[in-house]
Each structure stands twice: as structure tokens, then as C-alpha cells.
Ligand SMILES: [Zn+2]
């Protein structure tokens, strides 16, 4: 048989009923099964995100955690978190109008997150040590700091001072809440004042900065910790790198404003992977709260 006389593949396929190798069987993946990682752009299955505490298995990027998931991760197993000021709600004092009013934004974010504002405060046990805890939740209006966030942070700090407890705040924030104008900026002074009194009482304050911690929060209570910890590759700074680049017209160094860069520059004391967080925080608290014995 001559070369040109051979049957074509399509004819052969019909004859022996074999599917063409270049047309694999299509399987439908329901939308929302995979989430793209902001660190590496890779697609990761939702179950894998969950099993991995929202840490990308491909590049180690630490995604944001909802406040109550973070609290569960921090406190001792089978112990209760006693929430404080959970009913406190923001008020649209400036009657802010924009594409959507502040009232509408608040309502939408309350429904989306099940929270009343972007910080959850209370007390819980970490390695058997009663600790005052504040955790910011980026899902609620970018964890921006308005009057309620400032008031709740100040109150949990005052509670810690009164009850002689160590304080731990997990930060994440896009900055001050523009819908509250000057009222949100005043929270920087209020939280800092409360922390000063906690410090005067010689009580430890630990900060854990998570991605992203910026603007008014980074310029107040997030950088006042006795010990400042951060998660890997978290963006930390006042203005974002794009704004700085545009303003200064300078080429920014590689990794600028990431926690690894800030550790080298001395702003951060330590970077801790989320998987080791519970143990490490516990050990730090044990060191910092050890009772002095008189000789
Ligand atoms: Zn990744």
C-alpha cells in the first residue's frame, strides 16, 4: 500500500471507535470552586485554602482571615471568647453622601460579615493566660478605623489596664474611615492615649500586623506594641507604594513595605507563619507575664 493510500485518522477513529486524543473529556467545574492567589496568581481550590488556614500552598501568601476565625486560631482549644462591646454601631454623623451613602454602606457590610463594625474585641485564654484581644476584620469596609473601631480598641485597652491583662491586637486596615472625616482621625490619639496608660501599668502589649496594615492604624496603635509581629509578605506602611512612587518619582527597592523588608529595617521584631502563630504567641505571653519573685 502506498503512503498516500493509508486511511486518515478520522476514518480510522470511526472504524475502531477510539476518541480523538486531542479532544479530552470535558468536566464542568462549578464557578467559585477555585480562588486566585493575590501573591502568585495561582488557582487554589477553596477546600485547600480552608485546610491551609487561608495560606496559599503554592507561594505561602497569607490571605486575610475573618475576625472570629482568627480568634479561634489564637485562643486555647475548648475555651470561650468573651466578646465586649459587640453591639456598638457606627453613626452617620456627617450625613455622608456619595455613590452610596455611609448608612447604606454600613448596612451592606453588616449583612455581608455578620459584624457590627470592623473590629472584634474581648478576652480569651492563650496558653492558659487571660488576654485582652482585639482583632480587625478587613471584610468590613476594608477594616477602616472610624469612631467605633477607635472606641472599642480604647475600651479593650482600658479593660486590660484595669484587670492587669496583657493585650494583643491583630491589625489589618486600609486606614481612617473617610465617611467619618475628622472623627476617624481623632481615634489615633484616643487609642494611643489608652495604650500609654496600659504601658504605665507595666503590662505587655503585642501587635500582630497582617496584610494589609496601612495609614491611620499603622500610624497609631499598630506600631506602639512592646513587641511588633507580622505575618509573611504583609503590606505595611502609611501610604501605599504606588502613591509614594508617584509622589517621589523614585524607584522603590524590591519588596518595599513588605514585612520581610520592614524586619530588615527594624520596624518589625519578628515574622511568624500562621501555622506557628498559636504556639509562638503563647510562648511570648508566658515570657512577658512571668511573675517576678522577690529575692
Ligand atoms: Zn500563592
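If a residue has to be farther than 25 Å from residue 145 by Cβ, surrounded by fewer than 16 Cβ atoms within 10 Å (Cβ to Cβ) and in contact with a strand residue (DSSP E or B) (Cβ under 9 Å, 6 or more places away or on another chain) to count, how many in region 247-288 make the cut?
Result for region 247-288: 6.
Is there a residue in region 85-101 that is at positive phi and within 16 Å of the ligand (Cβ to nearest atom)?
Within region 85-101, not a single residue is at positive phi and within 16 Å of the ligand (Cβ to nearest atom).
For region 73-92, which positions are farther than 10 Å from residue 122 by Cβ and surrounded by 15 or more Cβ atoms within 10 Å (Cβ to Cβ)?
Passing the criteria: 73, 74, 88, 90, 92.
For residue 7, indicate whether it is within 16 Å of the ligand (Cβ to nearest atom), touching a helix residue (DSSP H, G or I) at 6+ places or on another chain (Cβ under 8 Å) and either under 24 Å from residue 276 (Cα atoms) or modelled with pLDDT under 65 (or both).
Spelling it out, it is not the case that residue 7 is within 16 Å of the ligand (Cβ to nearest atom), touching a helix residue (DSSP H, G or I) at 6+ places or on another chain (Cβ under 8 Å) and either under 24 Å from residue 276 (Cα atoms) or modelled with pLDDT under 65 (or both).
Does region 233-246 contain at least one residue that is on the phi < 0 side of the Ramachandran plot, within 16 Å of the chain's Cα centre (by Cα), in contact (Cβ under 8 Å) with a residue 24 or more places away in the chain and buried (at least 22 other Cβ atoms within 10 Å of the Cβ)?
So far as region 233-246 goes, yes, one or more of its residues are on the phi < 0 side of the Ramachandran plot, within 16 Å of the chain's Cα centre (by Cα), in contact (Cβ under 8 Å) with a residue 24 or more places away in the chain and buried (at least 22 other Cβ atoms within 10 Å of the Cβ).
Just to check your reading of the model, which residue among 193, 216 is within 19 Å of residue 118 (Cα to Cα) and either touching a residue at least 24 places away in the same chain (Cβ under 8 Å) or in a loop (DSSP other than H, G, I, E, B) (or both)?
Every option except 216 fails the conditions.
Evaluate the following for residue 190: is it surrounded by fewer than 19 Cβ atoms within 10 Å (Cβ to Cβ) and touching a strand residue (DSSP E or B) at 6+ places or on another chain (Cβ under 9 Å)?
Judged against the criteria, residue 190 is not a match.
Among the residues of region 223-241, which ones are outside any strand (DSSP E or B) and within 13 Å of residue 269 (Cα to Cα)?
Matches in region 223-241: 223, 224, 225, 226, 231, 232.
Can you tell me how many residues within region 33-57 are near the ligand (Cβ under 10 Å from one of its atoms) and on the phi > 0 side of the Ramachandran plot?
1
Only residues that are touching a residue at least 40 places away in the same chain (Cβ under 8 Å), under 14 Å from residue 88 (Cβ atoms), surrounded by 24 or more Cβ atoms within 10 Å (Cβ to Cβ) and touching a helix residue (DSSP H, G or I) at 6+ places or on another chain (Cβ under 8 Å): list them for region 145-174, please.
Hits for region 145-174 are 145, 146, 150, 153.
Can you work out which of the residues in region 70-126 that are assigned to a strand (DSSP E or B) and within 17 Å of residue 145 (Cα to Cα) is farthest from the chain's Cα centre (by Cα)?
121
The values are calculated or read from the model by the stated rules, or taken from the named source; none is laboratory data. These numbers were taken from a predicted model, which means no experiment stands behind them. Positions of Cβ are generated from backbone atoms using ideal geometry, with glycine treated the same way; all protein chains shown enter the neighbour counts.
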